[in-house]
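Enquirer: Dumping the structure here so I can ask a few things about it.
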Amino acid sequence: MTPTNTARLPLFSRRDRIMIAVTVVAAVAAGALHFAHANPLAAFVVSAIALAALASLVGRSVEALGDRLGPKATGLLQTALGNLPELFVILFALKAGLFDVVKATLVGSILANVLLVLGAAFVVGGLKHGRQRFAADDSRTLGLMFTLAVFILAVPSLTAALHTPAATHERTVSLVVSVIMLALFGLSLPASLSRSAKQNHGSPIAANPDSAAAASKAAMHGEWPLAMAIGMLAATGVGAAFVSEWFVSALQPAMDAAGVNEVFAGLVIVAIAGNAVENVVGIQLAAKNQMDYAVQVILQSPVQIALTIAPIVVLSAGLLGQPGFDLVLSPLLLASMVMSALVAVLVTFDGESNWFEGAALIALYGAIATSFWWG
Amino acid sequence: MTPTNTARLPLFSRRDRIMIAVTVVAAVAAGALHFAHANPLAAFVVSAIALAALASLVGRSVEALGDRLGPKATGLLQTALGNLPELFVILFALKAGLFDVVKATLVGSILANVLLVLGAAFVVGGLKHGRQRFAADDSRTLGLMFTLAVFILAVPSLTAALHTPAATHERTVSLVVSVIMLALFGLSLPASLSRSAKQNHGSPIAANPDSAAAASKAAMHGEWPLAMAIGMLAATGVGAAFVSEWFVSALQPAMDAAGVNEVFAGLVIVAIAGNAVENVVGIQLAAKNQMDYAVQVILQSPVQIALTIAPIVVLSAGLLGQPGFDLVLSPLLLASMVMSALVAVLVTFDGESNWFEGAALIALYGAIATSFWWG
Amino acid sequence: MTPTNTARLPLFSRRDRIMIAVTVVAAVAAGALHFAHANPLAAFVVSAIALAALASLVGRSVEALGDRLGPKATGLLQTALGNLPELFVILFALKAGLFDVVKATLVGSILANVLLVLGAAFVVGGLKHGRQRFAADDSRTLGLMFTLAVFILAVPSLTAALHTPAATHERTVSLVVSVIMLALFGLSLPASLSRSAKQNHGSPIAANPDSAAAASKAAMHGEWPLAMAIGMLAATGVGAAFVSEWFVSALQPAMDAAGVNEVFAGLVIVAIAGNAVENVVGIQLAAKNQMDYAVQVILQSPVQIALTIAPIVVLSAGLLGQPGFDLVLSPLLLASMVMSALVAVLVTFDGESNWFEGAALIALYGAIATSFWWG
């Protein structure tokens, strides 16, 4: 793990080394606390730190792999693997029957990205550069796609809440909607592979190669050899799977000890642990006044959560022994998600930001989180 | 009915001749099945085909009349007569007391246009031309007007669902809202007659003469003499009235036989039968990369349904012996309509489309239709 | 009170003199009717006229003070004092325990500005100038900020209606949301003081100095000496406080006499009395084809109501002996406010208007007002 020099950048940047060190220490400590049946709050906090660090390293490995396989593959890889740690946490929580946590985490990840991280990017960028513009078509398309994905995702919840005759068919509606969403996503994969052309037929939910490159550059990464990128991805992936299980098993006792309800835990704590570190890059891009890339990097994650993670969870629920799981969100979760979708599309259509808008996004996040305090 | 040649185009294009043949055969068969009290499913399917063909021919006749009367009249004619067959079906269903079918058909026609037809236009155009743009002010104004019309139309439903003190006054609220909508529409008529000037005061819900001309050209129609246009409009109008009655009388037994509930029948089957064929032109314009005209042709119909058909149905309910009919939609119909309005305005404000957005629109339509399967 | 001449404009314009005369006469009459315990309907109408006139004069005094203190202070002053008379009415109604009136007035002021006054501006401007454009970033930012403010303001209502576990904590959620909103507003104050620079970090909810200047010019005011501006502001402020109390004390008996329910009275009558006259300037700017200024002048008031008046009312409820007051709106009030927020943001993002859009905004206002007739 000693850094090797390339012509320009060391193999492991300073950030890389810190992240690897934090990850190893936190993951080992999380495992020790888990098997020692230690204080659940300590086990939870340490595994949350390990998970956040692992999420960051998985993202780093995907980027490194993308550097090697070229821009055509980057989008596909990031689309498929970018939310891997969140997916692990959600699947272990599902297996443990924590349906409320699963649904709150799905929505919370969306809210954290659209309101908290985008808000922070607007504040940081706006304080440094004043009014910032992001006029790229890709940003607008991403905002629109997010809204469409959320509207599709909202159908089972709306049906359950508003359409009495279908009330006993929630699981079926959820399955059909999940198949529709994955079919939509599957259709986009061939296109994202041929995404290099300018006037492309590409998938707007896959990472734009330019923004991926900008994100990679903003993080000042050294280039990793292919074998190392694959090895690191495998190692962090496996690590994320283990830590996720420890994290989920500590979740309920820790929340009981702290007096925090499950929904709030999923919506705020789990969602931030899974998204915060990896999204530092989006805020860094805003600080460098590369707002189009910042907006794309930040909004891509919620689009993928809505369009791929949510249906995968529903379709794999049977395999995990939870055939009763569906996509029916509680009414306030649904309302919060729809508000965040409208905010995302309006903000990208506006095409400019200032610090005050960012503060308002964070304020909206705070207001929503407050109302979930009583779960 | 033998085609006569003009200098450029035959009086009846190949499409014209096919439509007329299909219409005559299907209408005669529908009448025979109706009076023979034959299998209701067969009667329903044949009358649906006849109705779709008639809808297409009514549209064709209105266009031909517009060609003769000049661009000033085209907008007014299309506004007044373009949804004639749908209006007949809805009025006969209202007379038969099928309130749920009427309301589902109103909303279904809106959804079919905004999600299914616009989605298909984006897919067809996007696969052929990549990213397509439509920046015209008229498109944006149409999207905004549609949202405003849907918001006005939503007031009686919102009142019934959310405002207990007015719960027993649903019919009165519906009547007042209907008068407001027709007054708004009436105000726009003088303006649409003087719509030729560029910087006009015109009505954005009437057809733009340019897009009407483009639609006419896309369909490669021959020009019809005035008498023939009027005669064909009268013949198809009368035919549509008869076939509508047969269609509605077959609807309930056919749906019972097929195990389909009334709301789904209205939302999906009736709405597609009434809108599909006439909207082929919108998709053809997208394939020819004339996206502004495509969007205008496709969105004009739902605006008119919301702003004129809906209030006309309410105000004529008393004449048809159904004084209890109101504009209160079931909550899921309301939510679906509001989502489609937001989609329409966001899509037109975005000003560009790709095949994936189109696929997402169709996916949203599929998800909504699924949830109404249990009626 | 005799007008003095400056080089260009008299100290008191013709409008000034009319307003002062109306104010004095109406305020004196309102006081007389109040203390004579006269017919409550007459007392209500006269105090409403006095209040509307006072609102206009307070706005005039704030403008005059802004002229003297320079553009940096104008925004801050208008933000802090522009809605003073509405605030008085709301606080007296709160003190009298008329919670429904308070909430209806808050929402009604928003609806009156966004739908009625903006609609009237579009109609007047559109009939005179045809299609009008307003492309300024400030207009779009204001529309977006309004939507964000309304979404934050909606959280307590959504929580009460949709989230059972928090149902007994409505007051706490309202307090937290109020503190969040005022913190957001407080953060913007330093920025609005340094708002002169073009590429500013400024607060988009404070008045743009340019639009304030245009508004002042549109009203063709003479410049007032500083002492006079302060004196007039103090006099009209004190007057507004007295008349507000008389107005509120006449409200309930007058509405009982007229058979109008409290919610409708707050939503329509009180809101129009508090907003109508001062917003004439917005309509005048539209008539002069200065649409950017018109939109900013008109939308600034609802942003401030949502972001400052609403939380101030909640936080001062305890001081007024009404510690049970919260921000939970009735569902239809909430739905109407959300619709108006979406309309505001879509209209500003569209960047152009025509008379028909204006008519549709007024029609939506009429439909909503109708549904509240049964309170």
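The values are calculated or read from the model by the stated rules, or taken from the named source; none is laboratory data. Keep in mind it's a predicted model, so treat the numbers as computed, not measured. Backbone-built Cβ (ideal geometry, glycine too); neighbour counts: all protein chains shown. The area values use the complete protein model at the heavy-atom level, side chains included, leaving out ligands, DNA and RNA. Shrake-Rupley method; radii C 1.70, N 1.55, O 1.52, S 1.80 Å.
Enquirer: Looking at the protein assembly as shown, what % of the alpha carbon pairs are farther apart than 60 Å?
Expert: Details: 86621 of 632250 pairs.
Summing the P(r) tail past 60 Å for the protein assembly as shown gives 14 percent.
Enquirer: Right, another one. Given a Förster radius of 25 Å and the C-beta distance between C:ALA135 and C:ALA287 as r, what FRET efficiency does 1/(1 + (r/R0)^6) yield to the nearest 0.05?
Expert: On the way: r = 19 Å, r/R0 = 0.77.
About 0.85, to the nearest 0.05.
Enquirer: Something else now. Would you work out what percent of the accessible area of the stretch A:271-375, with all protein chains in place, is carbon or sulfur (probe 1.4 Å)?
Expert: Numbers: 1570 of 2280 Å².
Looking at the stretch A:271-375 in its full context, I get 69 percent from C and S.
Enquirer: Grab the eigenvalues of the alpha-carbon gyration tensor for the stretch C:259-375, scale each by 5, take roots, and send me the semi-axes largest first in whole angstrom.
Expert: Numbers: eigenvalues 154, 64, 39 Å².
Ellipsoid half-lengths, sorted descending, are 28, 18, 14 Å.
Enquirer: Placing the label point 7 Å from Cα along the Cα-to-Cβ direction, what are the distances from C:ALA80 to the equivalent spots in the other copies, shortest first, in nm to one decimal?
Expert: C:ALA80 label point versus its equivalents elsewhere: 6.1, 6.1 nm.
Enquirer: Also, quick follow-up: What list of ³J(HN,Hα) values in whole Hz, one per residue of the stretch C:83-88 in order, does the Karplus curve 6.51 cos²θ - 1.76 cosθ + 1.60 (θ = phi - 60°) give from phi, with Gly and Pro shown as x?
Expert: Couplings: 9, 4, x, 4, 4, 4 Hz.
Enquirer: On to the next question. With a ≥ b ≥ c taken as the square roots of the eigenvalues of the C-alpha gyration tensor of the stretch B:15-70, please select rounded if a/c is under 1.5 and otherwise prolate if a/b is larger than b/c or oblate if it is not? Before the final figure, lay out each step's value.
Expert: Working: a/c = 3.50, a/b = 3.01, b/c = 1.16.
In terms of gyration-tensor shape, prolate.
Enquirer: In peptide C:338-344, how many Cβ atoms from other protein chains are near each Cβ within 10 Å, on average?
Expert: Numbers: counts 3, 9, 1, 1, 8, 4, 0.
Shielding by partners across C:338-344 averages 4.
Enquirer: Relative to the other copies, what are the label-point distances for C:VAL28, with labels 7 Å from Cα along the C-beta vector, expressed in nm at one decimal and sorted shortest first?
Expert: Label-point separations across copies, in nm and ascending: 9.0, 9.0.
Enquirer: If only Cα atoms are counted, what is the Rg of chain A, and what is its Dmax, in Å?
Expert: In Å, with Rg to one decimal and Dmax whole: 19.8, 67.
Enquirer: Can you give the accessible area per residue of the stretch B:223-375, in Å², using a 1.4 Å probe? It would help to have the intermediate numbers written out before the result.
Expert: Details: 4110 Å² over 153 residues.
Accessible area per residue, the stretch B:223-375: 27 Å².
Enquirer: Name the long-range amide H neighbours of C:GLU352: under 5 Å, sequence gap of 5 or more, or other chain; modelled H, no Pro or chain starts.
Expert: Hits under the 5 Å cutoff: C:PHE134.
Enquirer: In whole Hz, with x marking every Gly and Pro, tabulate ³J(HN,Hα) for the stretch B:258-266 from phi via Karplus 6.51 cos²θ - 1.76 cosθ + 1.60, θ = phi - 60°.
Expert: 8, x, 9, 7, 4, 5, 4, 4, x
Enquirer: Run the Debye formula on the Cα coordinates of the stretch C:46-115, all scatterers equal and no solvent, and tell me log10 I(q)/I(0) at q = 0.14, 0.18, 0.26, 0.28 1/Å.
Expert: Debye intensities relative to I(0), on a log10 scale: -0.52, -0.79, -1.14, -1.19.
Enquirer: List the aspartates and glutamates whose Cα sits under 15 Å from the Cα of B:LYS103, skipping any in the same chain fewer than 8 residues away.
Expert: By straight Cα distance, B:LYS103 reaches B:GLU86, B:GLU170, B:GLU262, B:ASP326.
Enquirer: Considering the rotation that carries chain C onto chain A, locate the chain C residue whose Cβ comes closest to its axis and report the distance in whole Å.
Expert: C:PHE349, 3
Enquirer: Could you tell me which of rounded, prolate or oblate describes the stretch A:270-318, using a ≥ b ≥ c as the square roots of the eigenvalues of the alpha-carbon gyration tensor, with rounded for a/c under 1.5 and, failing that, prolate when a/b is larger than b/c and oblate otherwise? Intermediate results must be reported in sequence, preceding the final value.
Expert: On the way: a/c = 5.83, a/b = 2.24, b/c = 2.61.
Taking the square roots of the gyration eigenvalues as a ≥ b ≥ c, the stretch A:270-318 is oblate.
Enquirer: On to the next question. Once the label point is set 7 Å along the Cα-to-beta-carbon vector, what list of distances in nm do you get between C:THR164 and its counterparts in the other copies?
Expert: In ascending order, 1.8, 1.8 nm.
Enquirer: Between the stretch C:5-64 and the stretch B:303-330, what is the C-alpha centre distance in whole Å?
Expert: Value for the Cα centre distance between the two parts: 46 Å.
Enquirer: In whole Hz and in residue order, list the ³J(HN,Hα) couplings for the stretch B:349-358 that follow from phi through the Karplus curve 6.51 cos²θ - 1.76 cosθ + 1.60, θ = phi - 60°; x for Gly and Pro.
Expert: Karplus values, whole Hz, x for Gly and Pro: 6, 4, x, 8, 9, 9, 4, 6, 4, x.
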